[in-house]
Amino acid sequence: MDSATRHMLDLARRGLLRGAAGLTALAVMAPPRASAQAPGNPFTLGVASGDPWPDSVVLWTRLAPAPLAPGGGMAAAPVTLRFEVAADARMTRLLQWGDVVARPEEAHSVHLVLNGLDPARTYYYRFRLGPHASPIGRTRTAPAPGTDAEIRFLNAGCQHYEHGHFTAWRHAAAEEVDFVFHYGDYIYEYAGRQPGERGWGPVVRTHHGGETLTLEDYRARYAQYRSDPDLAAAHAAHPFIVSYDDHEVENNWASLISQRDGGARFPVATPPEAFALRAAAAFQAWYEHMPVRPSARPNGTEIIAYRHLRFGQRLDLRVLDTRRFRDDQPCGDGVVAPCAAVTRPEAQMLGEAQEAWLREGLRAAQGRWQVLAQQVFFAPRRFPRGTLSMDSWDGYPAARQRVLDMFSERQGGVILTGDVHRAWANEVGGLAEFVGTSISSEGDGSDMQPTAPEIMAANPHLKFNSNRRGYTLHIAERERLHAIYRAVPFVQQPDAPRLTAGHFVTELNGGGVQRA
Ligand SMILES: [Fe+2]
């Protein structure tokens with residue numbers, strides 16, 4: 001029995017697996033089936049919804065009676081399943097229903113674009129196949145374009161399965177929000193480690209398989225993560241707006257350049273043509289498992305995941321892709337002393353097309369708050385010995401300045417960030433940057449990162465640090481935007497309570513970030 005199975009048995013014993021999410025989690029423990037003759041419950045990965053528009057949302061599921069088996073335990077044939085959309089949580093007042101086809105080419109995933117919906121309204125949905133019904137999901141549409149109502153949302157990401165339990169997702173499921181922004185590191189690509197085995201971070205449960213390289217590797221990794229009942233509960237509770245960071249493909253990838261560069265750390269380089277095969281597999285598996293619109297479906301290594309979502313007059317959310325179009329990290333990557341290449345004026349974090357799209361979008365934007373939902377640390381952050389993180393915007397300062405210039409005549413600029421597994425609140429060029437911590441990556445943590453006082457002394461525009469795991473709750477009021485840093489005191493054991501590690505606000509007319 002692996003540790004994940006042990007964990008689920010343990011939860012089940014203590015009555016912590018509740019309702020449909022619990023049942024789907026238990027189904028995961030069935031040994032992988034060799035054939036799909038009698039595949040059992042196909043809804044082990046739950047349901048999800050995403051990319052809410054005022055009249056439309058995406059509903060997702062994936063048929064996988066044996067999540068870790070090749071093909072999820074499904075035969076290589078299309079399957080027609082039923083969907084139902086209702087006004088109530090008991091699914092008694094049905095509003096829409098019909099058939100949708102899950103195809104083996106896309107791992108029997110479903111991306112159903114539901115149209116004809118009312119704005120700012122909660123809907124419930126499920127799928128049915130034969131005698132099986134999926135868990136019931138809840139979703140919510142965006143407000144109508146003309147309205148100016150409060151928007152509440154979460155920022156979360158970095159969910160290393162081995163490093164800790166997804167307790168923060170259980171708490172996130174209970175929050176009252178319009179949507180969840182997931183900035184990425186939805187999976188980690190690394191090979192499984194046993195508890196006590198050396199490596200990065202603690203091991204409370206074990207990744208299935210080796211490092212992910214092929215499409216089936218990535219599919220199984222997503223399936224393992226999606227089998228987590230807390231993550232499943234969060235997806236069933238809220239629409240997600242998802243992005244990817246590096247670990248959906250490979251640590252610190254940049255465009256189609258692998259981190260394995262033939263240098264001192266990785267003496268055997270991965271050439272771009274080999275890395276492209278891996279990236280294409282990673283993108284396809286990401287698409288198959290995320291509740292994104294068909295516009296984000298990859299074509300080989302081509303993928304457009306940056307996009308704009310509008311929440312009435314209150315808020316424009318622009319999801320950025322800081323991975324696929326960036327130039328390679330300068331100075332050999334890592335946290336190093338800056339070399340001359342850092343200040344290259346042609347530095348590209350977004351690539352020319354995305355940068356132009358952002359500039360044009362911001363020029364015409366109507367929303368009160370202009371939120372850039374992205375991945376890597378935006379504010380300058382000089383470490384005490386003068387080093388910089390070349391993977392963050394510090395490796396691309398010319399590109400950062402071009403983004404800041406887009407806000408020179410606009411107020412309400414807010415940047416959402418992840419990646420560093422610590423919460424921060426920063427001021428940068430008149431904008432507020434709220435960095436979310438990790439759901440589980442790097443284990444329990446502590447109240448404050450030990451080096452934070454030194455870092456903050458060297459960077460007085462960094463105003464807050466927390467080294468607890470969790471997520472950020474944001475509330476966009478008319479004049480103030482809140483960042484409430486939800487935290488769990490531990491993740492290496494299950495069932496941590498929810499705490500608040502900090503509460504900051506930024507004013508619409510500027511003035512940086514202040515403690516609320
Ligand atoms: Fe991460």
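Since every read-out is calculated from the coordinates, none of them should be taken as a lab result. Since we're looking at a predicted model, the values are computed, not measured. Neighbour counts are summed over all protein chains in view; Cβ atoms, including those assigned to glycine, are modelled from backbone coordinates with ideal geometry.
Apply 1/(1 + (r/R0)^6) to the Cβ-Cβ distance of Q96 and C339, taking R0 = 56 Å, and write down the FRET efficiency to the nearest 0.05.
0.45
Go through the cysteines of the chain and tell me which have no other cysteine Cβ under 4.7 Å away.
If one checks each Cβ against the other cysteines of the chain, C158 turn up with nothing under 4.7 Å.
Identify the GluC sites (Glu not before Pro) of region 150-228 meeting these criteria: DSSP loop state and at most 16 other C-beta atoms within 10 Å of the C-beta.
Counting only loop positions with at most 16 other Cβ atoms within 10 Å, the GluC sites (Glu not before Pro) in region 150-228 are E150, E176, E197, E211.
Is the shape of region 380-516 rounded, prolate or oblate, going by the alpha carbon gyration tensor and its root eigenvalues a ≥ b ≥ c, with a/c under 1.5 for rounded and a/b larger than b/c for prolate?
Note, shape of region 380-516 comes out oblate.
Can you tell me the order of 47-56, 381-390 when each peptide is scored by its average per-residue count of other Cβ atoms within 10 angstrom, highest first?
Highest mean packing first, the order is 47-56, 381-390.
Go through W60, G196, F325 and say which Cα lies farthest out towards the positive end of the charge dipole of the chain; charges sit on Cβ, +1 for Lys and Arg, -1 for Asp and Glu.
Farthest towards the positive pole: W60.
With the dipole of the chain worked out from charges on the C-beta (+1 for Lys and Arg, -1 for Asp and Glu) around the Cα centre, which of G73, A254, A285 lies farthest toward the positive end?
G73
Looking at region 328-471, send over the antiparallel percent of its DSSP beta bridges, to the nearest 5.
For region 328-471, the DSSP antiparallel bridge percentage is about 60.
Provide the percentage of antiparallel DSSP beta bridges, counting only those with both residues in the chain; round to the nearest 5.
75 percent
Apply the a/c threshold of 1.5 to the C-alpha gyration tensor of region 62-147 and tell me whether it is rounded, prolate or oblate.
Judged from the Cα gyration tensor, region 62-147 comes out prolate (a/c at least 1.5, a/b above b/c).
Taking amide H atoms as placed 1.01 Å from N in the peptide plane, list the residues 5 or more away in sequence, or in a different chain, whose amide H sits under 5 Å from that of S438.
Counting only residues 5 or more places away or on other chains, the set is H421, R422, G470.
Quickly estimate the mean residue ellipticity at 222 nm for the chain, helices only: each DSSP H run with n ≥ 4 gives -39500 (n - 2.57), and the total goes over all residues, rounded to 500.
Only helices count here, giving -5500 deg cm²/dmol.
Please report, in debye to the nearest 20, how large the charge dipole of the chain is about its Cα centre when each Lys and Arg carries +1 at its beta carbon and each Asp and Glu carries -1 there.
1120 debye
Using the Cα atoms of the chain, I'd like the radius of gyration and the largest Cα-Cα distance, Dmax, both in angstrom.
My reading of the Cα-based Rg and Dmax gives 21.8, 65 Å.
Show me the GluC sites (Glu not before Pro) within region 401-437 that DSSP assigns to loop and that have at most 16 other Cβ atoms within 10 Å of their Cβ.
Filter output for region 401-437: E409.
At a Förster distance of 25 Å, what's the computed FRET efficiency of R382 paired with M448, Cβ-Cβ distance as r, to 0.05?
The formula returns an efficiency of 0.85 here.
Two-decimal Rg/Rh of region 311-405 from alpha-carbon positions, Kirkwood Rh?
Expressed as Rg/Rh, it is 1.02.
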